[in-house]
1. Restricting to segment 37-64, name every residue that is in a loop (DSSP other than H, G, I, E, B) and in contact with a strand residue (DSSP E or B) (Cβ under 7 Å, 6 or more places away or on another chain).
2. Output the number of the condition that Ala85 fails; it satisfies all remaining conditions of (1) open to solvent by less than 50 Å² (accessible area, probe 1.4 Å); (2) assigned to a helix (DSSP H, G or I); (3) modelled with pLDDT of 90 or more; (4) of a type in the set (A, V, I, L, M).
3. Which residue out of Gly13, Gly54 is of a type in the set (Gly, Ala, Ser), open to solvent by less than 30 Å² (accessible area, probe 1.4 Å) and out of contact with any Lys or Arg (no Cβ under 9 Å at 6 or more places or on another chain)?
4. Given the residues Leu34, Leu6, which is the only one that is in a helix (DSSP H, G or I), under 30 Å from Thr138 (Cβ atoms) and open to solvent by less than 30 Å² (accessible area, probe 1.4 Å)?
5. Mind telling me which of the residues Val38, Val17 ends up being over 22 Å from Arg127 (Cβ atoms) and of a type in the set (A, V, I, L, M)?
6. State the number of residues belonging to segment 59-82 that are out of contact with any helix residue (DSSP H, G or I) (no Cβ under 6 Å at 6 or more places or on another chain), within 21 Å of Glu37 (Cβ to Cβ), surrounded by 10 or more Cβ atoms within 10 Å (Cβ to Cβ) and not charged (D, E, K, R).
7. May I ask you to list the residues in segment 116-138 that are open to solvent by less than 40 Å² (accessible area, probe 1.4 Å) and modelled with pLDDT of 90 or more?
Amino acid sequence: MKLLGLTGGIASGKSTVAAILRRLGAAIINADELSREVVQPGQDAWKEIITTFGPDIVQGDETLDRRKLRKIVFDNPEARKKLEAIIHPRVRALAERRISELATAGNSIIVYEVPLLFEGQIHLWLRPVILVACEIETQKNRLVERDHLTEIEAQQHVDAQMSLEEKRQLADYVIEIDGNLKDLEKQVRAVLHKIQAT
């Protein structure tokens, strides 16, 4: 069984690469999905977040107002650290459980897709890591279109993450996205072949 990390900047194309890897037979674990799972109403993380940030972040259906929470932590590094301290250990524990289940079920390639893989120091226990990279302008354009952000907000989101150059130095493999899907699939296949050969 091979376990790989998949990461990239915000709106860089990670989901597209994950979809190709899934088509090629890999099992995908998505950290964003796990983080939503651990904060479901009634869960320990959900209770702790409400205690920490107040009842105003709960919506009518008892779920967290992710947009409101994102704004609080985006504007306040201390608040972000508190939120990460609540969520990250639980997400990691759940990820390790899922990895174990998928390995036991006989999956030969398991990919853990994590947006902030390097920022969260996950590369210290998970190797090899594939980085999905694209031009910063492309990232910003996608954020404006996908998340309905202003150009200034999009730039702030990009700036809030570790720089692409730093990530390139930490990654084992880099997949460049330039908009050509045929070339992208070829790159993904080549990287997967190299990993399987090691």
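The values are calculated or read from the model by the stated rules, or taken from the named source; none is laboratory data. Just so you know, these numbers come straight off a predicted model, no measurement behind them. Every residue, glycine as well, gets a Cβ built from its backbone with ideal geometry; the counts of neighbours run over all protein chains shown. Ligands, DNA and RNA are stripped out before the accessible areas are found, and what is left, the full protein with its side chains, is counted by its heavy atoms. Shrake-Rupley method; radii C 1.70, N 1.55, O 1.52, S 1.80 Å.
1. Our first condition is that a residue be in a loop (DSSP other than H, G, I, E, B); within segment 37-64, this holds for 39-43, 54, 59-63.
Residue satisfying the conditions is Val39 alone.
2. Ala85 satisfies all of (1) open to solvent by less than 50 Å² (accessible area, probe 1.4 Å); (2) assigned to a helix (DSSP H, G or I); (3) modelled with pLDDT of 90 or more; (4) of a type in the set (A, V, I, L, M) except (1).
3. Details: Gly13 fails: out of contact with any Lys or Arg (no Cβ under 9 Å at 6 or more places or on another chain).
After ruling out the rest, the residue left standing is Gly54.
4. Details: Leu6 fails: in a helix (DSSP H, G or I).
Going through Leu34, Leu6 in turn, just one is in a helix (DSSP H, G or I), under 30 Å from Thr138 (Cβ atoms) and open to solvent by less than 30 Å² (accessible area, probe 1.4 Å): Leu34.
5. Working: Val17 fails: over 22 Å from Arg127 (Cβ atoms).
Just one listed residue meets the conditions, Val38.
6. Matching residues across segment 59-82 total 2.
7. Leu117, Phe118, Ile122, His123, Leu126, Pro128, Val129, Ile130, Leu131, Val132, Ala133, Cys134
Yes/no per residue for (1) of a type in the set (Lys, Arg); (2) surrounded by fewer than 16 Cβ atoms within 10 Å (Cβ to Cβ); (3) without any contact (Cβ under 8 Å) to a residue 40 or more places away in the chain:
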{"site": "Glu165", "(1), (2), (3)": "no, yes, yes"}
{"site": "Arg168", "(1), (2), (3)": "yes, yes, yes"}
{"site": "Glu176", "(1), (2), (3)": "no, yes, no"}
{"site": "Asn180", "(1), (2), (3)": "no, yes, yes"}
{"site": "Val188", "(1), (2), (3)": "no, no, no"}
{"site": "Lys194", "(1), (2), (3)": "yes, yes, yes"}
